[in-house]
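One structure is given here, and the rest of the page talks about it.
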Amino acid sequence: MAAIRVPRSGPGRPRTRPDAVLADRAYSSRAIRSHLRQRGIHAVIVQPSDQIGHRLRRGSAGGRPPSFDAEAYKQRNAVERCISRLKQWRGLAMRTDKLAIAYQAALHLAAILIWARR
């Protein structure tokens, strides 16, 4: 989280606090949610069924469920599908390039070809 940089549309240094974080069920821990809450970042994370069961089993002591924005979560799905499409290139999926610039060039080439096919 400390390395996040959100570029501004105009001049100025990049923001270090995004508006929201879209994550999957693996990042639905209490520690992550509290860290995001302390920094004032909205968390869009699905709650796993086992956590829901534990919370419901505790009754009123379990607290209320965390908020979830289904429309914002759909944006994460679009990004995941794009990454999956990029990983169809074996060189990108396996990271066989030694230099970062060669990997970035392959990433750009794959993105251009995906865009051109659409």
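The values are calculated or read from the model by the stated rules, or taken from the named source; none is laboratory data. Remember, it's a predicted structure, so these values are computed and weren't measured experimentally. Neighbour counts are summed over all protein chains in view; Cβ atoms, including those assigned to glycine, are modelled from backbone coordinates with ideal geometry. We work out accessible area using only protein heavy atoms, side chains counted, and drop any ligands, DNA or RNA first. Shrake-Rupley method; radii C 1.70, N 1.55, O 1.52, S 1.80 Å.
For the range 35-50, name all the residues that are more than 21 Å from ALA2 (Cβ to Cβ), open to solvent by less than 60 Å² (accessible area, probe 1.4 Å) and either aromatic (Phe, Trp, Tyr) or without any contact (Cβ under 8 Å) to a residue 24 or more places away in the chain (or both). Give the derivation first.
Residues of the range 35-50 that are more than 21 Å from ALA2 (Cβ to Cβ), as a first pass: 46-50.
Retained after the next criterion (residues that are open to solvent by less than 60 Å² (accessible area, probe 1.4 Å)): 46-48.
Answer for the range 35-50, where residues must be more than 21 Å from ALA2 (Cβ to Cβ), open to solvent by less than 60 Å² (accessible area, probe 1.4 Å) and either aromatic (Phe, Trp, Tyr) or without any contact (Cβ under 8 Å) to a residue 24 or more places away in the chain (or both): GLN47, PRO48.
For first residues located in the range 58-73 and modelled with pLDDT under 85, partners that are polar (S, T, N, Q) and lie 6+ apart or on another chain with Cβ distances below 9 Å form the pairs PRO65/GLN47; PRO66/SER28; PRO66/GLN47; PHE68/GLN47.
Pick from the range 6-34 the residues that are in a strand (DSSP E or B) and within 15 Å of the chain's Cα centre (by Cα): which of them is surrounded by the fewest Cβ atoms within 10 Å (Cβ to Cβ)? Among those that are in a strand (DSSP E or B) and within 15 Å of the chain's Cα centre (by Cα), it is VAL6. The residues of the range 74-99 that are in contact with a Leu (Cβ under 6 Å, 6 or more places away or on another chain) and at pLDDT below 85, listed by number, are ARG76, LEU92. Evaluate the range 70-88: report whether one residue or more is among the hydrophobic types (A, V, I, L, M, F, W, C), surrounded by 11 or more Cβ atoms within 10 Å (Cβ to Cβ) and not in a helix (DSSP H, G or I). No: zero hits.
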